[in-house]
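Readers should treat all values here as calculations from the given coordinates under stated rules, not as data from a laboratory. Since this is a predicted model, take the numbers as computed values, not measurements. Backbone-built Cβ (ideal geometry, glycine too); neighbour counts: all protein chains shown.
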Amino acid sequence: MKKTAPVAKNDYIEVQVEDLTHDGAGVAKVDGYPLFIPNALPGEKAKIKVLKANKGYGFARLMEVVEPSPYRTAILPEDVSKYGGCQLQHMSYEGQLHFKEKQVREVLKRIGNLSDVKVHPIIGMDEPFHYRNKAQVPVGEKDGKLIAGFFKPRSHEIVDADESLIQHPAINEAVRAVKKIVSDLGIPAYDEEKHKGVIRHIMARYGKQTGELMIVIVTRTKELPFKEKIVQELISQLPHVKSIVQNVNSKKTNVILGEQTNLLWGNEVIYDYIGNVKFAISPLSFYQVNPDQTKVLYEKALEYAGLTGEESVIDAYCGIGTISLFLAQKAKKVFGVEIVKEAIEDARRNAELNSIDNAEFAVGEAETVIPDWYAKGNRADVLVVDPPRKGCDEALLNTIIEMKPKKVVYVSCNPATLARDLKILEAGGYQTVEVQPVDMFPMTTHVECCALIKLKV
Ligand code: SAH
């Protein structure tokens, strides 16, 4: 007998929400058939409208919360569209932390077969709002008016927004100022469909420890009309601004920044600190968006590395060298590897800026460079990895298993690939000692972890 869905499109039904997916949608089951409902929370009784009924699962819209979860906040589902990029803002922060910690435990068990591993309580933020130090706000036009905010999920429609719950107030203020200045001067916003107009994005970066602000105006055209006037206004309205830059992106593309940047006023870079390490931030360089929690995470990585000053350390997927420079202060030598050439240039510059001379950096794939080093007889006592969401390449894991560093410290932004990779390391003679989840991105579904893995004796 062919299995069909027990619900159909446009059905209006009441359900009990049981679970939350890793991307924050509520899950309810009708005769065992799962329905995914964005903005619904586990434990809630809710009225929903079925939007799509596939064979094995369906999607529905939350219409009314009949019995709310104790974790539900005052932000109503209909308000959710006011703020971009915050999938969990309808959930209390306590609820978010509970959900993220539970997700880490479950995934380690289900994918990694690690039922007994010690998972510490997640470290959250005291103040989970306004933590971001960087915004990239798309600019467009609606009814003849310049608007700027965020893209509606899965669309190219811009929602006008004057504030973000998770951006630093200095960033919100800067974006509002640029928006008003260019709008008052009548400078046309970019029209994505026609590939016409001038202002594409407003970008702002803020060094929380230094109070330095950078503004980047991304234009389609080489010329930015009224640029002296814009600079004058920005300086008078934003006393913390240290750098004002125009970035030209004349291509028809979703990529935000183009290759050409023109300094309009001030310094080429702003500075910030994570712990006592100083970083130079240019318009194009990568820098962690939540430096407070980054410090918490990297201090954990440093603690797990347990350095005495005698160790040789490899930092794979090192980016601009954030972890490498943190570790270099306690290690004999650190070797960082990263695939993006510009990031390695930043890493070298940052090492110099901090007078750190025991960190060396190489451009290339971690899974190619580290096996090469190993073949040439270079060994590490401690190996740190901080891979992108897809986790470590298997060739790298196999080299680790052969090289046998005493400790591996795994910093992960995706618990599922962390669990998969831990399973491989466990089969290769390692033991996962403990895992520390850290909430780097409150109001979103993302969760970071730091894991300590030791070679079994
Ligand atoms: N540890 C850094 C960045 C980690 S993000 C920090 O804290 O800032 C992951 C990094 O891995 C990115 O910089 C990305 O460019 C890099 N990357 C992705 N694939 C890679 C590969 N195969 N080999 C080396 N680096 C890679």
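Details
- Of all aspartates and glutamates in the structure, those lying under 14 Å Cα to Cα from K300, and not within fewer than 8 positions of it along the same chain, are D292, D386, E434, D439, E448.
- Selection from V17, N39, G58, by position along the positive dipole direction of the range 12-71 (Cβ): G58
- Over all directions, the projected convex hull of the C-alpha atoms in the range 368-417 averages 3.4 nm² in area.
- Loop-resident GluC sites (Glu not before Pro) (DSSP state other than H, G, I, E or B) in the range 258-349 with no more than 13 further Cβ atoms inside 10 Å of their Cβ: E259, E268, E310.
- Per-residue Cβ neighbour rank within 10 angstrom, fewest leading, L146, L51: L51, L146
- Charge dipole of the range 12-71 about the Cα centre (unit charges at C-beta), most positive-ward option of I48, G26, P70: I48
- Per-residue ellipticity at 222 nm computed for the chain from its helices equals -8000 deg cm²/dmol, with DSSP H segments shorter than 4 residues left out and the rest contributing -39,500 (n - 2.57).
- Share of pairwise Cα separations in the range 12-71, more than 15 Å, in percent: 37
- The amide H of E18, built 1.01 Å from its N in the peptide plane, has V27, A28, K29, G43 as neighbours under 5 Å, considering only residues 5 or more places off or on other chains.
- Dividing the mean sequence gap of close Cα pairs (under 8 Å, 6+ apart) by how many residues the chain holds gives a relative contact order of 12 percent.
- Efficiency of FRET between Y374 and Y271 - r from beta-carbon atoms, R0 30 angstrom, step 0.05: 0.25
- Residues in the range 118-129 carry Karplus couplings, in order, of 7, 10, 6, x, 4, 8, x, 9, 5, 10, x, 10 Hz; the curve used is 6.51 cos²θ - 1.76 cosθ + 1.60 with θ = phi - 60°, and Gly or Pro positions show x.
- Coupling constants for the range 339-352 follow from the phi torsions by the Karplus curve (6.51 cos²θ - 1.76 cosθ + 1.60, θ = phi - 60°), and in residue order they are 7, 8, 4, 5, 5, 5, 4, 5, 4, 5, 4, 5, 4, 5 Hz; glycine and proline get x.
- Full-stretch length increase - H156, K45 - with 0.36 nm per residue and alpha-carbon distance subtracted: 36.7 nm
- A straight Cα-to-Cα reach below 30 Å connects K376 with the lysines K330, K332, K333, K341, K390, K404, K406, K407, K423, K454, K456, residues fewer than 8 places away in its own chain not being considered.
- Amide H contacts of A189: V198, I199, each under 5 Å away and 5 or more positions distant or on a separate chain (H built 1.01 Å from N in the peptide plane; Pro and chain starts excluded).
- Check: the range 12-71 dipole with +1 on Lys, Arg Cβ and -1 on Asp, Glu Cβ, in debye: 280
- The chain, Rg to Rh (Cα coordinates; Rh as Kirkwood inverse mean 1/r): 1.00
- Rounded if a/c under 1.5, otherwise prolate or oblate - the range 312-414, Cα gyration tensor axes: prolate
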